[in-house]
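What follows is a short report on a single structure.
We did not get these values from a lab; they are worked out from the coordinates using the rules stated. Computed from a prediction, not measured in an experiment: that's the story for all the values here. Because the Cβ atoms are built from the backbone with ideal geometry, glycine has one as well, and the counts that use them run over all protein chains shown.
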C-alpha cells in the first residue's frame, strides 16, 4: 500500500492507552476512534481495489457504502466483517459524541480487539464478493 497505512491508527490507539499519560478519558475516547478508523479505512481501501466497486461522491456516502458493500455481500465472512465494523462504529459514536457516557478500559480493549480482528479478517477476505452499494 502506498501512502498512509491505516494500521498505524491501530498502533497509535494501543500506545495512547498504555503510555500512562494524563487525561485518561480523552485517551480512551481517542483510542476507540482511531481503532474504528483503522478498520474502516482498511475495508474502504480493499473495496477500492475491486472493479465493480464505484464510490459515490461525497464523504457522507463513504461510511454507509462500505457497510452496505460488506453486509450485503455474497460472503458470510464479509457480512460478519460488516456487522463487526458497524458495531465498532457504535462504540466510536459513543466515545466521540456521548460526553456523559463513561468510557472505560474495557470499552477500549473491546474496540482495539474488534479492530484487530476486522483488519486481520480483511487480509484474507475475498473482496470481489462485496455488493455494489449503489445497487444493493
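Can you tell me how much longer the chain between residue 129 and residue 93 gets when fully stretched, taken as 0.36 nm per residue apart minus their C-alpha distance, in nm with one decimal?
Between residue 129 and residue 93, full extension yields 10.1 nm more.
Taking neighbour counts of Cβ atoms within 10 Å as a proxy for exposure, in what order, fewest first, do 104, 19 appear?
19, 104
If R0 is 30 Å, what FRET efficiency do you get for residue 64 and residue 22 from their C-beta distance, rounded to 0.05? Don't jump to the answer; show the numbers that get you there.
Values: r = 36 Å, r/R0 = 1.22.
So, using R0 = 30 Å, E works out to roughly 0.25.
Take the chain, connect every pair of alpha-carbon atoms lying under 10 Å apart with a spring to form a Gaussian network, then pick out the residue of 46, 82, 21 with the largest mean-square fluctuation.
Evaluated over the chain, the most mobile residue of the options is 21.
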